[in-house]
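Every read-out reported here was derived from the displayed coordinates using simple, explicitly stated rules and does not represent laboratory data. Remember, it's a predicted structure, so these values are computed and weren't measured experimentally. Using ideal geometry, Cβ is built from the backbone for each residue, glycine included, and neighbour counts are taken over all protein chains shown.
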Amino acid sequence: MGEEKRNGIDSYNVPQEVSIYDMWSYNTTMEELGDKPWWKLPEKFSSLEEVWEYTKSKEYKEKNLSREAIKIDPEMACQPLGALLAALGIEGTLPYCHGSQGCASYFRFEFTRHFREPVMEAASSMTEDAAVFGGLSNIVEGLQNAYALYKPKHIAVFTSCMAEVIGDDLKAFINRAKQKGSIPEDFPITYANTPSFVGSHVEGYDSMVRAILEQLAEPKEEKTEKINVIPGFDPYTANIKEIKKLLNIMGVDYTFVPDWSRTFDYPLGKFEMYPGGTPLEEVKNAVNNKGSVIIGKFSLKKTAKLIKNKWKQPLQAMEMPIGIEFTDRFIMTVSEMTGKDIPAEIEDMRGIALDAMTDAYQRFHGVKAAVVGDPDIVYGVSKFLLEMGAKPYYVVSTNGTKKWQKEMQALLDSSEFGKGCKAYAGMDLWQLRSLMYEEKPDILIGPCDLKYYAREFDLPLVRIGLPIMDRFNLHRYPIMGYEGVINLVTFIGNALLDHFDRICPEVNFDKLR
């Protein structure tokens, strides 16, 4: 606005006492807004304050929870974001978004702000012309430029809304690009359809993982003694490192695919276009390994079908190893599949995690939590809370399915601490807000989007999942494995103590907790 400040107030310097329902008036005058039909208040209200208070009522809650046509503040992203993460976990791979430049920029922004690392991605840069005539020329020229300029070993192509709405045929377009000489005939390009208007980043990740494994596979008659370890959508580099550490201690021969642990976590001062990733030769040979373990049973349904039905490999699709029991289950599954014993070092790690849980148990007992995020992550975190005697009172996954909700509810019902707790698939954060006005939890656990609700309800927030854009380095602390147990005890337990110190009466303010 420069010199022109409406109402004489700079929107970047709004007084602290201004409420959320006042914010609009600082950028636009009430007289201007009053002429617009969408601004006019319903007759039953005389002010924005009354509207705001009404959104806290039981009447509004019933209307809000019955809402189906739209989502308000959903906790999920679109399919191509997940496809991008999968592609970045393969050696020398350039992710390529067949869609508009704006879409590609959004995906890069989301990961750059979460991991605080640069993200490599090319795009077809489709505009209005491509929306009418199709994106063939965009992808032919785009692949040629990407191959010549960035010199990848492999390109992973996925789509966004525009390409899907007009029905672009990826396979035909890629073949056409090779026929025209844009890229060599034998250059590996994998592709997956990832429409943004259905599903979420979890489905997009699954589609791209399956495409990479299926289209790069080189089946042989001779099988190896290795196993494949395939992670679900996971916004933590440290989780991959923790799982690999456990496998290495056990002496397991494995292929971890995809692996973005170095892609988003490499040393300062040395730029690498394609840091880390599962070696391409290992990806090609994954079909010949003796079996596969999927960690994230709700994240990789298409990939699981490929391995089980087409590859005919022994497959264990299991929970993310979050908490003691699920980590135990992962270790024992790997031991049974490979014949490897469980070393004393891992038993010691488990014992230390149990010690950390015991130290903090009294502070967790009976605490009511609202847990929000992707299906596999909230499933594991909720299990951990039950192990600690806490109550995952509201378990919300906007991109959760009915099957997830049924299994999540069964998990809650299996514990005495899950009594009264409920799982909600498809729910958004604005609907969760209505639930919290009826019965307020003690703590919020989930992505940074929850911070607005934490502030409104004066609750502690433990940031877990994606995105986390307002805190540093949390992706470098695992929440999986036995080390992850210790971190969850630390993060959640200390958040509860910090909040108690802030709100407790003077007589209870003590250095001993």
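Provide the net charge surrounding residue 389, with neighbours chosen by a C-beta distance below 15 Å and charges set as Lys +1, Arg +1, Asp -1, Glu -1. Kindly include the intermediate steps, with their values, before the conclusion.
Values: positive: 363, 368, 383, 391, 419; negative: 325, 359, 387, 416, 442.
Result for the local shell: 0.
FRET efficiency for residue 144 and residue 117, Cβ-Cβ distance as r, R0 = 30 Å, nearest 0.05?
Values: r = 28 Å, r/R0 = 0.92.
Efficiency, rounded to the nearest 0.05: 0.60.
Which ³J(HN,Hα) values in Hz, rounded to whole numbers, follow from the phi angles of segment 416-422 under the Karplus curve 6.51 cos²θ - 1.76 cosθ + 1.60, where θ = phi - 60° and Gly and Pro get x?
Whole-Hz 3J(HN,Hα) from phi for segment 416-422: 5, 7, x, 4, x, 7, 9.
Kindly give Rg over Rh for segment 137-195, based on alpha-carbon atoms, with the Kirkwood expression for the hydrodynamic radius.
Details: Rg = 11.1 Å, Rh = 11.7 Å.
The Rg/Rh ratio comes out at 0.95.
If I stretch the segment between residue 175 and residue 452 completely, what's the gain in nm (0.36 nm per residue apart, minus their alpha carbon distance), one decimal?
Working: separation 277, 0.36 × 277 = 99.72 nm, distance 4.79 nm.
Contour length minus the Cα-Cα distance gives 94.9 nm.
Check residue 369: other-chain or 5+ apart residues with amide H under 5 Å from its amide H, H built from backbone geometry?
391, 393, 394, 442
Using helices alone, I'd like the mean residue ellipticity at 222 nm for the chain: each DSSP H run of four-plus residues gives -39500 (n - 2.57), total over residue count, nearest 500. Walk me through the numbers before you get to the answer.
On the way: 21 runs with 227 residues, N = 513.
Taking each H run of at least 4 residues, the total per residue is -13500 deg cm²/dmol.
Find the eigenvalues of the gyration tensor of the Cα atoms of the chain, then list the square roots of 5 times those eigenvalues as equivalent ellipsoid semi-axes, largest first, in whole angstrom. All intermediate terms of the calculation are to be shown ahead of the outcome.
Details: eigenvalues 308, 229, 80 Å².
Calculated on Cα positions only, the semi-axes equal 39, 34, 20 Å.
Going by a ≥ b ≥ c, the root eigenvalues of the Cα gyration tensor, does segment 346-508 fall in the rounded group (a/c under 1.5), the prolate group (a/b larger than b/c) or the oblate group? Display every interim value, and only then the final one.
Working: a/c = 1.33, a/b = 1.09, b/c = 1.22.
Cα axes put segment 346-508 in the rounded bin.
Over 19 Å between C-alpha atoms is what I'm after, so list which of 56/383; 290/340; 302/402; 391/422; 71/301 land there.
Exceeds cut-off: 56/383; 71/301.
Under 5 Å between amide H atoms, partner at least 5 residues away or on a different chain: which partners does residue 228 have, H built in plane at 1.01 Å?
HN-HN under 5 Å from residue 228: 255, 291, 292, 293.
Amide H neighbours of residue 277 under 5 Å, at least 5 residues apart or on other chains, H built in the peptide plane: list them.
It is 261, 262, 263, by chain and number.
Each residue of segment 307-324 in turn: what ³J(HN,Hα) in whole Hz from Karplus with 6.51, -1.76, 1.60 and θ = phi - 60°, glycine and Pro shown as x?
5, 6, 8, 9, 7, 6, 8, x, 9, 10, 9, 10, 5, 4, x, 10, x, 5
For residue 332 and residue 469, calculate 0.36 nm times their separation in residues minus their Cα-Cα distance, and state this gained length in nm to one decimal.
On the way: separation 137, 0.36 × 137 = 49.32 nm, distance 3.54 nm.
Extending this stretch completely gives an extra 45.8 nm.
Between segment 95-116 and segment 436-513, what is the C-alpha centre distance in whole Å?
Comparing the Cα centres of segment 95-116 and segment 436-513, I get a distance of 29 Å.
For segment 79-216, what is the convex hull volume of its Cα atoms per residue in Å³?
Working: hull volume 13.2 nm³, N = 138.
Taking only Cα atoms, segment 79-216 has a hull volume of 96 Å³ per residue.
So how do 307-315, 369-377 stack up, highest first, on mean other-Cβ count within 10 Å?
Result, highest mean first: 369-377, 307-315.
Run the simple label-point estimate for residue 73 and residue 44 please: 7 Å along Cα→C-beta, distance reported in nm.
2.2 nm
What translational diffusion coefficient, to the nearest whole µm²/s, does segment 304-434 have by Stokes-Einstein, given a Kirkwood radius computed over alpha-carbon pairs, a temperature of 37 °C and 0.692 mPa s viscosity? List each step's numbers first, then the result.
Working: Rh = 16.3 Å.
Answer, rounded: 201 µm²/s.
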